[in-house]
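Participant: What follows is a structure written as structure tokens; I'll ask about it next.
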Amino acid sequence: MHTPYTKDHKIVPRVFRALCPLFGQAPATTLIVDGGLEHLTESDWAAVFKTFHRLEHIVFDGAGGLTAMFRGLRRTSDEAPHCCPRLSVVEMDPKSPRIVATDCLFDSMLSALSVRAEKGLHLERVHLGLVHDTEDHYPKNEAMYGERLRALVPCVEYFSTCTSEVPRMVCRCQVDVQSYDVGIGSLSKPIMRLSSMRPRKEV
């Protein structure tokens, strides 16, 4: 479901919180979220990670921030010995990014990935398509966070909206799956999608 962002503060949390009770038994491996991500809390994400422990691939097409997601991932990774052990790809839309690059985002990401690495749980790829407010924002982030991220994840793709910089390693992922669409009404685009089949990777 696609909704006007003016209504996301009501609809996105309601739909997201319905995933666990409605689809908790589904063998979902892929989660796609579109909408106002800033309206989701750490507890919302922790509940999803605890319920859908087969997740392998998370895709974000929405706007806002992802600090709460990474904090929820760290929380569940701390609490559960094998939280989402197959989680391998976290992907943010590179074509029209709407997620802002902030220190809080990178700090929460590094914290979650470090905790998981200590447990032997490693992502294979992180795709960062982020919004930057100035030309020098990207190189500053690259210098501050790039090497630490690559020490935890073999493939890090970091795209800037303000520069022509390209990532150091590029790989593509094509998703072709059967899915469970979660929506309200008869609008054209699902706001969230759970899939029970694995994405196909092209390198």
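The values are calculated or read from the model by the stated rules, or taken from the named source; none is laboratory data. Nothing here was measured: the structure is a model prediction, and the numbers come from that model. Note: ideal-geometry Cβ built from the backbone for every residue, glycine included; neighbour counts use all protein chains shown.
Participant: Condition (residue is part of a helix (DSSP H, G or I), of a type outside the set (D, E, K, R) and modelled with pLDDT of 85 or more) applied to the range 24-32: is it met by at least one residue?
Facilitator: No, there is no match, as no residue in the range 24-32 is part of a helix (DSSP H, G or I), of a type outside the set (D, E, K, R) and modelled with pLDDT of 85 or more.
Participant: Could you say whether any residue in the range 48-56 is within 20 Å of His127 (Cβ to Cβ), at pLDDT below 90, charged (D, E, K, R) and in contact with a Ser or Thr (Cβ under 9 Å, 6 or more places away or on another chain)?
Facilitator: Checking the range 48-56: not a single residue is within 20 Å of His127 (Cβ to Cβ), at pLDDT below 90, charged (D, E, K, R) and in contact with a Ser or Thr (Cβ under 9 Å, 6 or more places away or on another chain).
Participant: If you scan the range 108-148, which residues turn out to be in contact (Cβ under 8 Å) with a residue 40 or more places away in the chain and either on the phi > 0 side of the Ramachandran plot or in contact with a Ser or Thr (Cβ under 9 Å, 6 or more places away or on another chain) (or both)?
Facilitator: Listed by number, the residues that qualify are Ser108, Met109, Ala112, Val115, Arg116, Lys119, Leu121, Arg125, Asn141.
Participant: In this structure, does Leu87 turn out to be among the aliphatic types (A, V, I, L, M), under 30 Å from Ala18 (Cβ atoms), assigned to a loop (DSSP other than H, G, I, E, B) and at pLDDT 90 or above?
Facilitator: Yes; evaluated as a whole, the condition is true for this residue.
Participant: Can you find, within the range 26-64, the residue that is nearest to Thr102 (Cα to Cα) among those that are among the small types (Gly, Ala, Ser) and surrounded by 18 or more Cβ atoms within 10 Å (Cβ to Cβ)?
Facilitator: Among residues in the range 26-64 that are among the small types (Gly, Ala, Ser) and surrounded by 18 or more Cβ atoms within 10 Å (Cβ to Cβ), the one nearest to Thr102 (Cα to Cα) is Gly64.
Participant: Could you tell me whether Cys104 is at pLDDT 85 or above and either more than 23 Å from Cys155 (Cβ to Cβ) or outside any loop (DSSP other than H, G, I, E, B) (or both)?
Facilitator: Yes; evaluated as a whole, the condition is true for this residue.
Participant: Something else about it: Residue pairs, Cβ under 8 Å, 6 or more apart or interchain, first in the range 5-28 and within 10 Å of Leu40 (Cα to Cα) and β-branched (Val, Ile, Thr), second assigned to a helix (DSSP H, G or I) and modelled with pLDDT under 90. List them.
Facilitator: That search, which allows pairs on different chains as well, returns Val12/Leu37; Val12/His39.
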